[in-house]
Amino acid sequence: MAGGHGAHHGGENKGVALVIAILALFLALAEVGAKSAQTEALNANIEAANLWSFFQARTIRQTQVRTAAEQAELTRTEANSAATTAQRERWTNTAARWESEPETGEGRRELMARARTAEARRDKNMDKYHMFEYSSAGFQVAIVVASASIITGVVLLVWLAGALGAVGFGLMMLGFFAPSLIHF
């Protein structure tokens, strides 16, 4: 009888081991997704910071050129009128070009748009990262609960582990397909 009972219990353990293996597989996928999303978020954040720095530098240079043009107008005399007017016009044109430069993408307007796009990409990847992290936590807890079912022999724990695994799987799918759908 003891052999029959042990064989039955061993069969249950094999089933639980299979559940644990599947949970571990999904845990690995969620961790890879989290790391990838985190890396993409960091890259987009650096890109946005660089673009905002370029925007700020362009704004400072634009302000200096406009100020120089205004100063030239104030100090214009009859003797230097033509040269001052020509220089003032060059500075004004330069300041206008720095405001919007679609051909290079380096005007203030274009830099602002590019920086906001990078920020949006960063935010989306951070949402992905968080979904994958919550998913990983669900899988880890499910693995612990499933392992506890082997030790205790309580079948209900296997069902609880399966439910936690399903929640983890759902969160992982949100990470892949709709990371901004819910926020914790």
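Take the conditions modelled with pLDDT of 95 or more, in a helix (DSSP H, G or I), under 30 Å from Leu171 (Cα atoms) and of a type in the set (Gly, Ala, Ser) and apply them to Ala57. Does it pass?
Numbers: modelled with pLDDT of 95 or more: yes; in a helix (DSSP H, G or I): yes; under 30 Å from Leu171 (Cα atoms): no; of a type in the set (Gly, Ala, Ser): yes.
When the stated conditions are applied, Ala57 does not pass them.
His183 passes every criterion in (1) over 21 Å from Val16 (Cα atoms); (2) open to solvent by 20 Å² or more (accessible area, probe 1.4 Å); (3) at pLDDT 95 or above apart from (3).
Across region 111-154, the qualifying residues are those that are open to solvent by 20 Å² or more (accessible area, probe 1.4 Å) and hydroxyl-bearing (Ser, Thr, Tyr), and the one among them that is farthest from Ser53 (Cα to Cα) is Thr152.
Can you tell me which residues in region 128-176 are of a type in the set (Gly, Ala, Ser) and in contact (Cβ under 8 Å) with a residue 60 or more places away in the chain? Quick ask: steps written out before the conclusion?
If we filter region 128-176 for residues that are of a type in the set (Gly, Ala, Ser), which is where we start, we get 135-138, 142, 146-149, 153, 161-163, 165-166, 168, 170, 175.
Within region 128-176, Ser135, Ser136, Ala142, Ala146, Ser147, Ser149, Gly153, Ala161, Gly162, Gly165, Gly168, Gly175 meet the criteria.
Only one of the numbered conditions (1) assigned to a helix (DSSP H, G or I); (2) under 16 Å from the mean Cα position of the chain (by Cα) is violated by Ala146, and that is (2).
Going by the structure shown, is Ala21 aliphatic (A, V, I, L, M), under 26 Å from Ala137 (Cβ atoms) and assigned to a helix (DSSP H, G or I)? Reasoning before the result, please.
Working: aliphatic (A, V, I, L, M): yes; under 26 Å from Ala137 (Cβ atoms): yes; assigned to a helix (DSSP H, G or I): yes.
Yes, satisfied.
Applying a threshold of 9 Å to beta carbon distances and a minimum spacing of six or more residues, or different chains, the list of pairs starting in region 63-87 at a residue that is assigned to a loop (DSSP other than H, G, I, E, B) and ending at one that is at pLDDT 90 or above and among the polar types (S, T, N, Q) reads Thr75/Thr84; Arg76/Thr84; Arg76/Thr85; Thr77/Thr84.
Conditions (1) farther than 30 Å from Glu133 by Cα; (2) open to solvent by less than 70 Å² (accessible area, probe 1.4 Å), marked per residue:
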residue: Val32; (1), (2): no, no
residue: Lys35; (1), (2): no, no
residue: Gln38; (1), (2): no, yes
residue: Ala44; (1), (2): no, yes
residue: Ala48; (1), (2): no, yes
residue: Phe54; (1), (2): yes, yes
residue: Thr59; (1), (2): yes, yes
residue: Ala72; (1), (2): yes, yes
residue: Glu78; (1), (2): yes, no
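Determine whether Ala24 is touching a helix residue (DSSP H, G or I) at 6+ places or on another chain (Cβ under 6 Å), touching a residue at least 12 places away in the same chain (Cβ under 8 Å) and hydrophobic (A, V, I, L, M, F, W, C). Step through it out loud before you land on a result.
Numbers: touching a helix residue (DSSP H, G or I) at 6+ places or on another chain (Cβ under 6 Å): no; touching a residue at least 12 places away in the same chain (Cβ under 8 Å): yes; hydrophobic (A, V, I, L, M, F, W, C): yes.
No, not satisfied.
Of the residues Ala96, Ala83, the single one that is surrounded by 14 or more Cβ atoms within 10 Å (Cβ to Cβ) and either closer than 30 Å to Ser135 by Cβ or out of contact with any Phe, Trp or Tyr (no Cβ under 7 Å at 6 or more places or on another chain) (or both) is Ala96.
Could you say which residue among Leu171, Leu157 is touching a Ser or Thr at 6+ places or on another chain (Cβ under 9 Å), surrounded by fewer than 21 Cβ atoms within 10 Å (Cβ to Cβ) and in a helix (DSSP H, G or I)?
Working: Leu171 fails: surrounded by fewer than 21 Cβ atoms within 10 Å (Cβ to Cβ).
Going through Leu171, Leu157 in turn, the sole match is Leu157.
The values are calculated or read from the model by the stated rules, or taken from the named source; none is laboratory data. Quick caveat: nothing in here was measured; it's all calculated off a predicted structure. All Cβ positions, even for glycine, are placed from backbone atoms using ideal geometry, and neighbour counts span all protein chains on display. Side chains are part of the model used for accessible areas, which takes the heavy atoms of the whole protein and leaves out ligands, DNA and RNA. Shrake-Rupley method; radii C 1.70, N 1.55, O 1.52, S 1.80 Å.
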